[in-house]
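Participant: Sharing a structure, written as structure tokens. Questions coming.
Values quoted throughout were computed directly from the atomic coordinates according to the rules given, and no laboratory measurement underlies them. What you see is a predicted model, and the numbers here were worked out from it, not measured in a lab. A quick note on method: Cβ atoms are made from the backbone with ideal geometry, for glycine too, and the neighbour counts reach across all protein chains shown.
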Amino acid sequence: MTKGKRTDNMACCSDPVRRSLLQLGAAATTAALLPGRARADDEDPRRMERPQVGDFLVFAGGDQEGALIIEGALNVGEEPVLAWATDPSRKVLRDGSRLNQVLVVRLDPSTMDDETKSHAAAGFLAYSAICTHMQCPVTGWIPEKRILHCPCHQSEYDPSQDAKVVDGPAPRPLAALPLKMVDGKLQVAEQFIGKIGMNKQTM
Amino acid sequence: MIGLRQTAKASLMAALLGSVGMVPAMAGEVSNYSPVTQQRLENPEPGNWLLYRRTYDGHEYSPLKQINTSNVKDLVPVWTFATGVNEGHEAPPMVNNGVMFVATPYNQVIALDAKTGDLIWRYKHPIPEDLFQLHPTSRGVGMWQDKLFLAATDDHLIAIDAKTGKELWNTKVQDYKKGQYLTLEPLVVKGKVLIGGSGGEYGVRGYVAAFDADTGKELWRTYTVPEPNQPGGNTWQGDAWKTGGGSAWITGNYDPKRNIVYWGTGNAAPWPGDQHPGDNLFTTSVIALNPDDGKMVGYHQYHQNDSWDWDEIDAPILINNMDDKGQQIDALVHPARDGYLWVLKRTPTGIEFVSGKPYVGQNAFKGIEPETGRPIVDPEHKPTTGKDVSFCPSLWGGKDWPSASYSPDTKLVYIPANNNMCEVMRGEKQQLVVGQLWLGANLDSMKLIPEVDHIGELQAWDPATGKQAWVHKFPKTQLFASTLATGGDLVFVGGTNDRMFHAFNAKTGDLLWQMKTNSGIMAMPVAYEVDGTEYIAVQSGWGVDAQRIQDMLAKTDWKLDPDVPQGGVVWVFAVKH
């Protein structure tokens with residue numbers, strides 16, 4: 001993809017991530033891999049749980065699928081990646097519901113408002129990947145504006161301002177998932193703040 | 001006539017007073033429901049609307065003429081009903097002997113007393129909490145005996161008891177988590193419920209399938225994209241057929257004499273043609289299917305190797321005994337998304353090309369081959385990977401899924417067209433991720449280019465002569481709604497961003513009446529009759545692609561306000577005496 005252009009597919013978005021990880025060295029990358037997509041039984045109810053405090057985050061797709069997201073995984077301003085939470089023992093991947101999916105982006109903390117900064121770890125931010133309009137995955141990125149973009153109906157969110165809606169039909173910000181950095185690995189610091197996905201239509 | 005007028009007057013008075021006349025339904029349940037039979041579907045009573053476009057031939061025409069060119073100026077709302085949901089309300093209100101069935105976004109069906117607007121029952125199919133909806137809409141319920149059939153956005157087909165609103169069976173068709181979903185009104189033929197799947201933007205493989213109306217059991221499925229060893233399979237390369245699109249998301253039409261269903265198919269996927277080389281049969285085509293077993297007995301591909309997202313899902317209108325250069329043909333008439341008005345011929349062995357000509361500005365084809373109708377594509381205006389390409393009409397086409405109507409009185413086709421709307425697209429290689437949008441194009445490079453002061457046009461064409469009879473131009477708006485023609489020599493259409501509902505003189509194109517509604521209208525209007533009074537009904541509820549166009553036009557020099565209010569309301573009108 002061309003820099004300065006919006007992208008709406010995580011395949012393209014994973015390229016810079018792959019480059020970043022390669023810079024870490026093969027050993028580090030291999031060590032971070034999660035062998036077996038989910039060690040837990042497919043029926044394990046813990047797979048359905050939203051990300052829990054203390055969970056790690058792993059890549060949801062692409063060449064690094066299952067690998068832990070570590071401090072060197074993303075550069076500031078690079079395209080976000082989709083991720084799942086995994087329990088601290090790394091036996092349970094919480095991929096039982098689309099609503100558990102998060103997007104991870106890294107920004108310069110000086111560009112964040114105070115609320116956003118309080119959820120960040122080393123510039124990493126995690127938000128629900130589920131658009132609050134029609135629940136499509138928010139996979140787009142407008143690098144020149146550093147804005148998250150939903151390709152289904154063109155909603156746009158500003159990750160430096162707690163993912164507030166800056167354009168399109170979305171009614172609410174993306175739910176925020178506060179992070180901390182522990183031994184160079186991203187960890188969930190608090191449960192989601194805010195509602196995930198769309199409002200239920202009432203009648 | 002005097003007697004009819006008096007009856008109509010009494011009925012309208014009753015309706016306005018809250019109905020003291022015959023009530024066909026009790027609260028919570030319909031009494032004396034009239035079962036829908038094959039005979040009734042093939043020859044519907046003038047006052048009813050039992051099929052998506054009222055008749056199997058897809059005319060979208062009501063013979064009712066109590067409301068006509070001389071009195072339509074006195075059309076007034078009789079009752080309204082708030083659906084309680086927003087987004088695109090696209091379904092025609094279905095009417096069976098005084099009972100109306102309205103499908104709305106979020107998989108809801110509402111049964112109403114068609115005369116009074118009183119609620120009889122309401123059905124809501126629970127939506128999975130993680131469902132994502134690219135097109136949150138429904139285009140109506142199919143009808144058979146005492147059942148209704150809802151094709152839901154979570155890819156379930158559901159039978160509902162028309163009398164009580166209770167669910168009778170519920171069949172999972174495919175998996176919504178893979179981008180497979182349903183939005184169309186099912187077509188019922190001889191006790192079989194026919195549907196086609198959506199998902200052309202998710203890399204699905206399109207199909208039409210039939211289900212037993214009594215049990216919900218799948219009876220047959222015909223894919224619109226063949227396997228390599230099947231007829232047409234050599235028009236694909238490698239594994240592209242597996243994700244080739246060709247979704248079939250609008251109701252087909254049916255020819256009872258030949259026992260053939262004519263169904264339109266969608267875009268090849270992903271959008272740019274260089275990412276799926278070949279003609280890509282049977283995408284962007286009309287396919288002829290035997291409804292008994294699903295066997296494909298013919299096809300015509302409107303344009304090959306689709307690169308413009310020009311779904312040709314809108315089924316062609318069947319016109320019997322149409323004049324063609326002095327001969328009578330059984331025609332198929334299709335105002336296409338590719339901007340051409342196509343005329344085809346039904347034959348015992350399939351479908352033959354007759355003629356094609358552009359009805360809006362079109363620069364993607366240099367012309368068509370005279371014998372076959374195959375477009376001669378201009379590569380300068382064919383989207384490809386890695387390059388900005390401009391083309392006309394836009395991806396929404398000369399006419400998208402909203403359908404045209406045909407009046408056997410005027411012998412004209414009424415097309416809700418969008419002219420002068422061009423677009424720039426840039427193809428981009430994208431890896432398919434199941435459940436994520438897969439366009440093969442960079443959305444940031446997409447731009448609408450309104451070329452003059454108007455886009456939306458209501459066009460009237462004589463398909464026998466290939467001549468335009470009249471056109472009405474709507475300033476500074478798209479036209480995005482199906483039309484209704486009536487025996488009163490009227491054409492009704494919403495579709496504009498000013499929330500208006502319009503009535504035109506079908507012969508002259510004169511605008512005779514209009515009224516602003518709560519929201520914009522994307523739905524098909526219908527005409528029906530209860531107790532001698534003719535009513536016009538339509539849902540007003542803006543959203544989905546009409547809103548997408550609005551959002552894109554807001555970013556052009558037109559600087560339109562993107563805020564068209566949402567929220568669905570059923571409107572019912574009659575003439576005030």
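Participant: Would you please give the residues with an amide H less than 5 Å from that of residue B:479, counting only those at least 5 places away or on a separate chain, with H modeled from the backbone geometry?
Facilitator: B:456, B:457
Participant: Still on this model: Once phi is turned into θ = phi - 60°, what whole-Hz ³J(HN,Hα) does the Karplus curve with 6.51, -1.76 and 1.60 give for every residue of region B:409-418, x standing for Gly and Pro?
Facilitator: 6, 8, 6, 10, 9, 10, 10, x, 9, 10
Participant: Quick one: helix B:2-16 against the long Cα principal axis of chain B, what's the angle to the nearest 10°, folded into 0 to 90?
Facilitator: 80 degrees
Participant: Give, as a single signed number, the net charge of other residues whose beta carbon lies under 11 Å from the beta carbon of residue A:115, with Lys and Arg counted +1 and Asp and Glu -1.
Facilitator: Once all neighbours under 11 Å are counted, the net charge is -1.
Participant: Sequence-distant or interchain residues sharing an amide H contact under 5 Å with residue B:347, placed H: which?
Facilitator: Under 5 Å from the amide H of residue B:347: B:352.
Participant: Averaged across the residues of B:130-141, what count of C-beta atoms belonging to other chains lies within 10 Å of each residue's C-beta?
Facilitator: Whole-number average of other-chain Cβ neighbours for B:130-141 is 4.
Participant: Could you give me D for region A:53-203, from Stokes-Einstein at 25 °C and 0.890 mPa s, where the hydrodynamic radius is the Kirkwood radius over C-alpha pairs? Units µm² s⁻¹, please.
Facilitator: Translational D for this selection: 162 µm²/s.
Participant: Hey, if you put +1 on the Cβ of every Lys and Arg and -1 on every Asp and Glu Cβ in region B:2-575, which of B:539, B:67, B:307 ends up farthest toward the positive end of that dipole?
Facilitator: Most positive-ward Cα: B:67.
Participant: Below 16 Å, Cα to Cα, which lysines can residue A:180 reach? Residues fewer than 8 away in the same chain don't count.
Facilitator: Correct list for residue A:180: A:117.
Participant: Shielding of B:98-109 by partners, i.e. mean partner chain Cβ atoms within 10 Å per residue? Don't skip to the end; give the middle numbers.
Facilitator: On the way: counts 0, 0, 0, 0, 0, 0, 2, 1, 3, 1, 2, 0.
Taking the mean over all residues of the peptide, I get 1.
Participant: Let me know the whole percent of all Cα-Cα pairs from the protein assembly as shown that are separated by more than 40 Å.
Facilitator: 34 percent
Participant: Could I ask something else about it? How much of the pair distance distribution for region B:274-359 lies past 21 Å, counting alpha-carbon pairs only, in percent?
Facilitator: Working: 1161 of 3655 pairs.
For region B:274-359, the fraction of Cα-Cα distances above 21 Å is 32 percent.
Participant: Another question, if that's okay. Which whole-Hz ³J(HN,Hα) couplings does region B:104-113 yield from phi under the Karplus relation 6.51 cos²θ - 1.76 cosθ + 1.60, θ = phi - 60°, glycine and proline marked x?
Facilitator: In residue order, the calculated couplings are 10, x, 6, 6, 10, 10, 10, 9, 10, 5 Hz.
Participant: Related question: Calculate one ³J(HN,Hα) per residue across region B:234-247 by plugging θ = phi - 60° into the Karplus curve 6.51 cos²θ - 1.76 cosθ + 1.60, and present them in order as whole Hz with x for glycine and proline.
Facilitator: For region B:234-247, the Karplus-derived couplings read 7, 9, 10, 10, x, 9, 4, 5, 5, 10, x, x, x, 5 Hz, x marking Gly and Pro.
Participant: What's the local net charge at residue B:223, with K and R +1, D and E -1, over the other residues with C-beta under 11 Å away?
Facilitator: Local net charge: +2.
Participant: Additional query: Per 20 Å bin, what is the whole-percent P(r) computed from every C-alpha pair distance within chain B?
Facilitator: 23, 59, 18, 0
Participant: Rounded to whole Å, give me the distance from the Cα center of region B:243-297 to that of region A:144-169.
Facilitator: Measuring centre to centre over Cα atoms gives 37 Å.
Participant: Taking every residue in A:168-177, how many Cβ atoms of other protein chains lie within 10 Å of its Cβ, on average?
Facilitator: 1
Participant: What residues qualify as long-range amide H neighbours of residue A:164, i.e. H under 5 Å apart, gap of 5 or more or another chain, H built at 1.01 Å from N?
Facilitator: Correct list: A:158.
Participant: Any idea what log10 I(q)/I(0) is at q = 0.09 Å⁻¹ for region B:247-393, Debye with uniform C-alpha scatterers and no solvent?
Facilitator: The computed values of log10 I(q)/I(0) come out as -0.27.
Participant: Then there is this: What is the helix-to-structure angle for B:544-554, meaning the angle in degrees between its Cα long axis and the longest Cα principal axis of chain B, kept from 0 to 90 and rounded to the nearest 10?
Facilitator: Once rounded, one gets 70 degrees.
Participant: What is the antiparallel percent of DSSP beta bridges lying wholly in region B:2-575, to the nearest 5?
Facilitator: 95 percent
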